[in-house]
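Below: one structure, written as structure tokens.
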Amino acid sequence: MKKISTIFGGFDLTFIDIDIQPYDLETNELIQEIPVIGSHHRNNKIEFRPGGNGFNFCRALAHLGRKVTYVGPSSIFFEQIVKENKIPIEIYPIKNSDVSYTAILNRKNGETQFNSVRSFLSYEHLNEELVERYRNSPIKSISNVSLNPTSIEWISSLLISLVDFELVEDMKNQPSPFDTLSKIKDAAFDGIIFIDPSDISHFLRIKEFAKFLEFLHNFEGEKYLSVNENELKALQSIFNKTPEELSKHLGFPIVFHTSKEVRYYNHKVIKFPTLKLKTMKTFVGAGDCFNGAFLHSLFNSSSEEDALRFAIKSASHLIETGEYPTS
């Protein structure tokens with residue numbers, strides 16, 4: 001196994017998930033439709049779980065044996081349920097930021113999330129210690145941009161901090177983070193910039209996010225963009241390009257994953273069907289588990305094809321058993 005140092009992940013909003021799993025009374029499988037208004041549906045399972053794209057991504061890597069520290073908002077209750085779930089992960093809290101909540105309704109073919117965002121992250125939250133962790137991590141994660149109202153400022157400051165932390169200070173006097181980003185040319189970094197934007201189909205700042213993706217051209221290094229069907233469609237509508245054209249335009253691979261198939265757009269298109277599962281216990285975190293397993297496999301010097309196969313198996317294991325894979 002290739003030696004990888006501690007992964008510092010997250011760097012986005014933290015959520016406590018209220019996971020609601022309503023089961024059919026006859027089959028004991030997740031229900032297909034939402035019960036009608038006024039009805040009392042019984043045989044439900046409700047759990048409190050630590051969550052958020054960044055945390056679940058870190059959780060997947062930690063269960064697979066990586067040494068991981070999650071960097072993000074925290075609270076006593078959040079850390080308590082991390083401990084109760086025996087998640088092998090360290091937490092480095094971002095000061096002056098709150099944990100948010102998500103109500104998740106699981107159904108037979110997927111899940112619907114209702115996010116109550118009570119926090120934000122912006123360049124004001126960055127300090128030299130956070131920057132040091134981001135720089136030293138083999139993965140520079142960028143995620144959950146649609147849920148953070150100041151995400152463009154936050155992810156821009158993370159990117160700029162890879163070059164010079166003093167430039168982040170300059171952002172405070174600029175009307176737009178792109179004024180500072182435009183000063184950066186031919187920057188280099190160690191590790192992988194991994195972008196998982198979450199659902200951006202209704203993101204009001206999606207055009208700014210698209211501009212941010214284009215600015216990554218100025219950074220020499222390994223980069224990936226991971227999207228589901230809704231996220232890819234949203235980006236295609238902004239760029240007016242096919243997935244192959246978009247990957248070429250941005251200059252880095254696109255990992256596209258749905259419940260039915262996985263595609264990898266780079267110099268060539270690699271396609272894989274997903275696995276047929278006998279049972280489905282949860283869908284929460286499946287995409288994050290897929291992403292974590294994909295990178296874990298790449299760190300083991302696997303080929304892109306083998307990494308995708310491993311990622312599919314890992315996400316399928318979570319959906320089928322409700323547990324993150326450990327090997």
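The values are calculated or read from the model by the stated rules, or taken from the named source; none is laboratory data. No experiment lies behind these values; they were computed from the predicted model shown. Reconstructed Cβ throughout: ideal geometry from the backbone, glycine too, with neighbour counts over all protein chains shown.
Among the residues of segment 170-197, what is the count of those that are polar (S, T, N, Q) and in a helix (DSSP H, G or I)?
2
Quick one: is ASN44 polar (S, T, N, Q), at pLDDT below 95 and either in contact with a Gly (Cβ under 6 Å, 6 or more places away or on another chain) or over 18 Å from GLY10 (Cα atoms) (or both)?
yes
Quick check on ILE160: is it surrounded by 20 or more Cβ atoms within 10 Å (Cβ to Cβ), outside any strand (DSSP E or B), within 23 Å of the chain's Cα centre (by Cα) and modelled with pLDDT of 85 or more?
Yes; evaluated as a whole, the condition is true for this residue.
Name the residue that is farthest from ALA315 (Cα to Cα), counting only residues in segment 273-283 that are surrounded by fewer than 20 Cβ atoms within 10 Å (Cβ to Cβ) and of a type in the set (Ser, Thr, Tyr).
THR279
Looking at LEU126, LEU147, can you tell me which residue is at pLDDT below 95, more than 17 Å from the chain's Cα centre (by Cα) and of a type outside the set (Lys, Arg)?
Of the residues listed, the single one that is at pLDDT below 95, more than 17 Å from the chain's Cα centre (by Cα) and of a type outside the set (Lys, Arg) is LEU126.
So which residues in segment 233-260 are within 20 Å of the chain's Cα centre (by Cα) and assigned to a loop (DSSP other than H, G, I, E, B)?
Those that are within 20 Å of the chain's Cα centre (by Cα) and assigned to a loop (DSSP other than H, G, I, E, B): PHE252, PRO253, THR258, SER259, LYS260.
Filter segment 284-316 down to residues that are in contact (Cβ under 8 Å) with a residue 12 or more places away in the chain, outside any helix (DSSP H, G or I) and not aliphatic (A, V, I, L, M) and give me whichever is surrounded by the most Cβ atoms within 10 Å (Cβ to Cβ).
Ranking the candidates gives GLY285 first.
Any residue at all in segment 281-293 that is modelled with pLDDT of 95 or more, under 22 Å from GLU220 (Cα atoms) and of a type in the set (Phe, Trp, Tyr)?
Scanning segment 281-293, I find no residue that is modelled with pLDDT of 95 or more, under 22 Å from GLU220 (Cα atoms) and of a type in the set (Phe, Trp, Tyr), so the answer is no.
Among the listed residues ASN136, ASN173, which satisfies the condition of being surrounded by fewer than 18 Cβ atoms within 10 Å (Cβ to Cβ), under 15 Å from GLY9 (Cα atoms), out of contact with any Lys or Arg (no Cβ under 9 Å at 6 or more places or on another chain) and modelled with pLDDT under 95?
ASN136
Which of the residues belonging to segment 139-157 are of a type in the set (S, T, N, Q) and either buried (at least 23 other Cβ atoms within 10 Å of the Cβ) or more than 16 Å from ILE94 (Cα to Cα) (or both)?
Answer for segment 139-157, where residues must be of a type in the set (S, T, N, Q) and either buried (at least 23 other Cβ atoms within 10 Å of the Cβ) or more than 16 Å from ILE94 (Cα to Cα) (or both): SER141, SER143, ASN144, SER146, SER151, SER156, SER157.
Which one of these does ARG263 not meet: (1) more than 20 Å from PHE194 (Cβ to Cβ); (2) of a type in the set (D, E, K, R); (3) within 22 Å of the chain's Cα centre (by Cα)?
ARG263 satisfies every listed condition except (1).
Need the failing condition index for ILE200 against (1) assigned to a loop (DSSP other than H, G, I, E, B); (2) surrounded by fewer than 18 Cβ atoms within 10 Å (Cβ to Cβ), just the number.
Just one mismatch for ILE200, condition (2).
Has segment 10-25 got at least one residue that is at pLDDT below 85 and assigned to a loop (DSSP other than H, G, I, E, B)?
Yes, the conditions are met somewhere in segment 10-25.
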